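Student: Before I ask anything, here is the structure I am working with.
Read-outs throughout are calculated quantities, based only on the coordinates presented, and are distinct from any laboratory measurement. The model shown is predicted, which means the values in this text are computed figures rather than measured ones. As a convention, Cβ positions derive from the backbone with ideal geometry for all residues, glycine included, and neighbour counts pool all protein chains shown.
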Amino acid sequence: MHTLETQETTESNFYEASNFPKGLSKRVVESISHIKNEPGWLTEFRLKALEIYLSKPMPTWGFIPQANIDLDNYVHYVGSNQKKKKSWDEVDPEILRSFEKLGIPEHERKFLAGIETMNDSETIYANVKKELTDLGIIFCDIDTAIQEYPDIVKKYLGTVVTIGDNKFSALNSAVFSGGSFAYVPKGVKTPMPLQAYFKVTAESSGQYERTLLIADEGAHIEYSEGCTSVQDKGTNFHTAVVELVALDGGRIEYTTIQNWKKNMYNWTVKRGLCHANAHITWTDCNIGANTIKYPGIVLLGDNSTGDVLSLAFAGKGQVQDTGARIIHVGKNTRSNILAKGVSLDGGINSYRGLVKFESSSQGAFSHVKCDGLMMDDRSQSHAYPYNDISGNHGTLNYEATVSKIDEDQLFYLQSRGLSEDDAKLLIINGFCEGVTKHLDVEYSVEMTKLIRMILEDGKVIEEN
């Protein structure tokens, strides 16, 4: 078992931002905190998390045992002195072609090229600062929030996803860097979706952003994020923690499109807390990577509601183990889970979900629907629903379907003049529509084009 170093840490003992070693130690954690000039309470938070992380064994379920993941082989902080590309012209031509395929306009591509200059362990945001400030909205990266709004951060950090929730929540708590922070005051609505982009470029590195969003009483937050990686060498590891707090009557709508390379291991812990009459929606799209992720909602207050909308594509060599967790605590709470999984080219897709009714949740209602679509005879689709019901005062509906692409549908669409490829695209887009229709227009267009790229990569349709 690992143990913490006991020697005193002096200035000379801190690692340079651009020269962190592989693996985790007290020195690594204290160096991150030192580089960010963090207050003592946060350094203690990190060190406590490291102790918990080292004390917990690696999980033995999901794809973890087969992957033989050794976290000592990753660099867990990649600092600002890493050599980065400085202009769009230096971006890898393959990446540039991907942006062009997505139809991202020139001015947006130039902005996205700016992400190439970010640190793998830092975050860059697209925000309209003045408009948000005029409304009293705070939106910044988590590192800035710790420096400028420490009372708010300290009040909520680690309250929805605790340090000891699991090994990976402890890992993130020890080494997190970058991520979003937002606070929207009472009765205020974000005038546009708050947006963040995360990119991993360094080989054999971990990315650990931390996101904390708070909607005060009657406030409304719309938040969208995109994630991608560009490294083909070795593997990368991603463990984010996202905490949402919707106070009485508050509303948070959180959208993620994660478009990782296939050599990414992705374990993300996402959870929201709903107070009385509050609402949280997770819209979660997973592409690339081997993923374990179950966005969760605790319906704590009476009349609170929550939705989890999940879409996952599993291609060659991929396992997508995704789903949702919803805990009903308050009275007359309602939840809805819609999970769509597409498996192709031998990929494995699994829905894993938990719906729990506490004995206090009189009048609770939950509807769960998970659908799997397999594009060939080599792919797999699974469903693992867990229902934990205390008392006789709630209602839970569960339905699931698993199917292969319908040859009769293909024949009919082709008889109406569509090519085979266009017919397949129409069927897949129709299958995914229950989730994609909730995306903003620009994300919906991007998702439609991503689906085409996924099917081309899996040889389901021919490349243009």
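Student: List the relative contact order of the chain as a percent without decimals, with contacts defined as Cα pairs under 8 Å and 6+ residues apart.
Tutor: Contact order relative to length: 9 percent.
Student: What is the magnitude of the charge dipole of segment 9-64 about its Cα centre, with +1 placed on the Cβ of each Lys and Arg, -1 on the Cβ of each Asp and Glu, and no other charges, expressed in debye to the nearest 20?
Tutor: Dipole magnitude for segment 9-64 comes out near 220 debye.
Student: For the chain, treating each Cα as an identical point scatterer without solvent, what Debye log10 I(q)/I(0) comes out at q = 0.08, 0.10, 0.12, 0.13 1/Å?
Tutor: Here log10 of I(q) over I(0) equals -0.47, -0.74, -1.09, -1.28.
Student: Gap in Å between the Cα centre of segment 145-200 and the Cα centre of segment 45-74?
Tutor: 22
Student: So if I place +1 on the C-beta of Lys and Arg and -1 on the C-beta of Asp and Glu, and nothing else carries charge, what would the dipole magnitude of the chain be about its Cα centre? I want it in debye, nearest 20.
Tutor: About 640 debye.
Student: Test of understanding: what is the full-extension gain from N13 to N332, defined as 0.36 nm times their sequence separation minus their Cα-Cα distance?
Tutor: The N13-N332 span can extend by a further 109.3 nm.
Student: Give me the net charge for the shell around Y386: Cβ to Cβ below 10 angstrom, other residues only, Lys and Arg +1, Asp and Glu -1.
Tutor: Net charge in that neighbourhood comes out at +2.
Student: Describe numerically, in nm with one decimal, the distance between label points set 7 Å from Cα along Cα→Cβ at F411 and at S444.
Tutor: That separation, rounded to one decimal, is 3.3 nm.
Student: Here's something else I'd like to know. For A240, what charge total do you get from the other residues with a beta carbon under 10 Å from its beta carbon, if Lys and Arg give +1 and Asp and Glu give -1?
Tutor: Surrounding charge for A240 is +1.
Student: Test of understanding: express the Cα radius of gyration of segment 321-464 as a ratio to 2.2 N^0.38 Å, with N the residue count.
Tutor: Rg over 2.2 N^0.38 Å, computed on Cα atoms: 1.25.
Student: Just add up the charged neighbours of G187: K/R +1, D/E -1, any other residue whose Cβ is under 12 Å from the Cβ of G187.
Tutor: 0
Student: With n ≥ 4 as the cut-off for DSSP H runs, can you work out [θ] at 222 nm for the chain, using -39500 (n - 2.57) per run divided by the number of residues, rounded to the nearest 500?
Tutor: Using -39500 (n - 2.57) per qualifying helix, the result is -7500 deg cm²/dmol.
Student: Report the residues of segment 349-393 in range of a label on K404: point 7 Å along Cα→C-beta, backbone N strictly under 17 Å from it.
Tutor: 349, 372-382
Student: Identify, among C274, T322, S343, the residue whose Cα sits farthest towards the positive end of the charge dipole of segment 260-344, taking +1 on the Cβ of Lys and Arg and -1 on the Cβ of Asp and Glu, with the dipole about the Cα centre.
Tutor: Most positive-ward Cα: S343.
Student: With a cut-off of at most 10 other beta carbons within 10 Å, and DSSP calling the residue loop, which trypsin sites (Lys or Arg not before Pro) in segment 377-464 qualify? Please list them.
Tutor: R416, K437
Student: Mind giving me the FRET efficiency for K154 and E463? R0 is 56 Å, r the Cβ-Cβ distance, nearest 0.05 is fine.
Tutor: Here the calculated transfer efficiency is 0.65.
Student: Bin by bin, in steps of 10 Å, what percent of the Cα pairs in segment 133-286 do you find, going until the bin that has the longest distance?
Tutor: Binned Cα distances yield the sequence 11, 41, 35, 11, 2.
Student: In debye, nearest 20: dipole of segment 356-464 around its Cα centre with unit charges on the Cβ of K, R (+) and D, E (-)?
Tutor: Result for segment 356-464 is approximately 360 debye, rounded to the nearest 20.
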